[in-house]
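Only the coordinates and a few stated rules stand behind these numbers; no lab work does. Only a predicted model underlies this, so the values are computations on that prediction, with no experimental measurement involved. Reconstructed Cβ throughout: ideal geometry from the backbone, glycine too, with neighbour counts over all protein chains shown.
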Amino acid sequence: MKSFKPDFVLGVGGFSSFAIVLAAWIFRIPTAIQEQNAFPGLTNRLLSGFAKTIFTSFKETKGFVHNPKVNYVGNPVRKTESIESEDNLNLNNFDPDKFTLLVTGGSQGATSINTAFMDALELMSDTDKFNIIHQTGINDEAEILQRYKRLKINATTKAFFHNMPQIQDMADLVITRAGAGTISELCIKGLPAILIPFPHAADDHQTYNAKALEEQGAAVMIRDNELTGHALKEKMEDLMENKERLDHMAQMSRRLAMPDADEKIANHILKTKDIKG
């Protein structure tokens, strides 16, 4: 810190940022922390007493609601850098006129979501009425492919999609975890979602994330320990058959979107540097 002489230090959570932000505070270097989740992590809870500014992604971030340091800006999300044509996506038997379900448990997949979704499909008799794009994760890919084959369903199934932002643009309903990055992207794109929080996330923060959207009518939540094929089937069919509710969820999701979070954070940092100079 003494040799690099930063003008500003931004901590984004995680144990490694604690010492850096604290050292900056000791050297009287302007600091801020950015909290992605609706329930702050331990590092940011500790640093909130030292950092001059607290950037939050959720308006009702637990423990920070009445803190005068809070600057509610949203969560920076990735930019879509390349646009591929639909033909280059290698979508299996995809019909753009049909309802499209996107199922993903994140980059690593989620066995509970994969299993419940396949169980739900086995209970349904009209699976040819919608498209399925399913990111399984590497561990479940082979098994899920076999289950689709047994069910004779032509889904687009891969362990991982490298063009997820474009895949999201094609979806009408998403079944996914409730990580902060995922939720921010869903809101920006106005995508209705069935959120299944990862049960082992630190401080159960994904449940708080999912609740924040559910309370605003932008998503519905199923807890992982309540996730079954029957429960998921009921939620899926209820939403797919209710266009008015889906439209309302999409509208509420867009209202929560803050697509310029990166610019707001950057402008704050640059303004602080100008004041210092």
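Between 0 and 90 degrees, rounded to the nearest ten: what's the tilt of helix 261-276 against the longest Cα principal axis of the chain? Tilt of helix 261-276: around 10 degrees.
Provide the convex hull volume over Cα atoms per residue for the chain, in Å³. Display every interim value, and only then the final one.
Numbers: hull volume 39.3 nm³, N = 277.
Cα convex hull per residue, to the nearest whole number: 142 Å³.
Take every DSSP beta bridge whose two residues both sit in the chain, then give the antiparallel share in percent to the nearest 5.
Taking every DSSP beta bridge within the chain, about 0 percent pair in antiparallel fashion.
Subtracting the Cα-Cα distance of E237 and R150 from 0.36 nm times their residue separation leaves 29.1 nm of extension gain. Comparing Cα centroids, region 230-274 and region 139-213 end up 14 angstrom apart. Bridging of K69 to aspartates and glutamates at a Cα separation below 20 Å is possible for D7, E35, E60, D260, D262, E263, D274, once same-chain residues fewer than 8 apart are set aside.
A simple spin-label model places the labels of L42 and K273 3.4 nm from each other, with each point 7 Å out along Cα-to-Cβ.
Assuming R0 = 35 Å, what is the FRET efficiency of I20 and N225, from their Cβ-Cβ distance, to the nearest 0.05? Please list the in-between numbers first.
Details: r = 37 Å, r/R0 = 1.06.
Taking R0 as 35 Å, the efficiency between I20 and N225 is 0.40.
Close amide-amide hydrogen proximity is noted between I132 and L101, T156, each under 5 Å apart and 5 or more residues distant or on a separate chain (H modeled in the peptide plane; Pro and chain starts excluded). When we measure straight from the Cα of K62, which lysines land under 20 angstrom away, once same-chain ones fewer than 8 places off are left out? Hits, sequence-local ones excluded: K52, K211. Rounded to whole numbers, the Karplus 3J(HN,Hα) couplings from phi for region 187-195 are 5, 4, 8, x, 9, x, 8, 9, 9 Hz, using 6.51 cos²θ - 1.76 cosθ + 1.60 with θ = phi - 60°, and x at Gly and Pro.
Fully extending the segment from M170 to K59, taken as 0.36 nm per residue of separation minus the present Cα-Cα distance, adds 37.1 nm.
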